[in-house]
Amino acid sequence: MSAFYKKRLASHRSQMMKYMKYVLNDHFILVMIIGMGGFGLYYSEFVKTLDPSFVLGKVIGILLCVISVFIGKLATLMKEADSIFLLPKERQMLTYLKASLKHSIVIPFVVIALITGVLMPLFVATSHVVFTDYYLLVLNLWGLKLAHLMIQLQEQYLNTEKRTQWQLLGLMIVSVTTVSLNVIVMPWLGLPITLVFLLVVDRLSRQSIGVHPLNWEKSIHLERKRLKKIYSFINLFTDVPGLATDVKRRPYLDGLLNRIKKEQGQTYRYLYSRVFLRGTEYSGLVMRLTIIGSLILIFSDQMMLNGIVGALFIYLIGFQLLPMYNEFDYMLMTQLYPVKSSQKVEAVQSIIRVILLTVAILFSLILVVTLEDKLVGLGISAL
């Protein structure tokens, strides 16, 4: 079963690599470089102004460390047909799940190491921690993350809901306690507590796995939910076959749709407006990019950088909205409408223009409010 998981993992990685060339495109990499550069510059200058009296810095750092423990799920790669075709191998499924646990450790451990590395200057500036204590803090967080994955392994089995809920609550308490002890009291003090908790979780996991049968339906559901989050992110950059987008009623936006006249010339404008307002694909994309761009503009005081970031995010939003033009190509009824095909292009252009103008106005207001030189902010906004 371990070899079977490796084969399935290789197939999964091959599929992910096909999407990565669309995700890691030039635009995304450029945004990441500019964003990381702006954040690094602001963060370095901000840390220089801190001292141990800044208690909020320690609190924020501890919370981020605790949050990092809960990043990453158990990648079982279970499929719908497994409940039928792998049922005779249920006793050997533990070997399969252990292989998935080993694979699921890698990315969360890397993320924890990176987040801790970013937070170390904050801890050094606001507490007695030194940079060499980084390894003790990372080992503590790795132990907590391993316990988190072992709890998720228990969740794959029947009649373990209450036990895993109590363990998750205990993990939250131990995470806050041990990280606080590492940062506030002694850098090594939290690690023994984490090791004891890890041993307890390991023993409880062995008991649950040895007594209860595998919950095939729940395992498949959890894996489907995990993959949907990954594919939803990839779907921001390219179409993912088989990914169903959510549609929400959103009655509070009916006023915007009612402003569109119910006449033949406004057919496509009404349809595309409903697609944007009710669907989560395009509205969610615009919301996320707008929030990210706004945060960068708020926390950066570099005038040229703000101008470049604002223009770049407006371009990215417009570029990502272009696939909306093909939203109704699969519907035969739209091809029978007695309207000109040019209305389709005009409707999409009009909607994208309104969205970009709204985002540009929001970015302009942020620049005018955050920059000390209001005239410069107005000048960048005008450009």
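List of remarks:
- Spacing of the modelled spin labels on residue 229 and residue 56, each 7 Å from Cα toward Cβ, amounts to 2.9 nm.
- Å² per residue, accessible surface of the range 83-132 at 1.4 Å: 55
- Computed over the chain, the per-residue total of -39500 (n - 2.57) for DSSP H runs of n ≥ 4 gives a 222 nm mean residue ellipticity of -24500 deg cm²/dmol, rounded to 500.
- Segments 183-196, 45-58 sorted - mean Cβ within 10 Å per residue, highest first: 183-196, 45-58
- Take every Cα pair under 8 Å whose residues are at least 6 apart in sequence, average their separation, divide by the length of the range 92-202, and the relative contact order is 29 percent.
- Note on residue 7: lysines with a C-alpha under 27 Å away, same-chain residues under 8 apart excluded, are 18, 21, 73, 79, 89, 98, 102, 145, 218, 225, 228, 229.
- 3J(HN,Hα) couplings calculated from phi for the range 363-368 with the Karplus curve 6.51 cos²θ - 1.76 cosθ + 1.60 (θ = phi - 60°) are, in sequence order, 4, 5, 4, 5, 5, 5 Hz; Gly and Pro show x.
- Principal semi-axes in Å for the chain [√(5λ), Cα gyration tensor, largest first]: 42, 34, 16
- The range 1-35 and the range 134-180 have Cα centres separated by 27 Å.
- The chain - percent relative contact order, Cα under 8 Å, separation 6 or more: 17
- Summarising the amide proton neighbourhood of residue 157: residues at separation of 5 or more, or on other chains, whose placed amide H is nearer than 5 Å comprise 215.
- Shape of the range 119-247, Cα gyration tensor, a/c cut at 1.5: oblate
The values are calculated or read from the model by the stated rules, or taken from the named source; none is laboratory data. None of these values were measured; they are calculated from a predicted model. Note that we place each Cβ from the backbone using ideal geometry, even for glycine, and neighbour counts take in every protein chain shown. Surface areas here come from the heavy atoms of the whole protein model, side chains and all, with no ligands, DNA or RNA. Shrake-Rupley method; radii C 1.70, N 1.55, O 1.52, S 1.80 Å.
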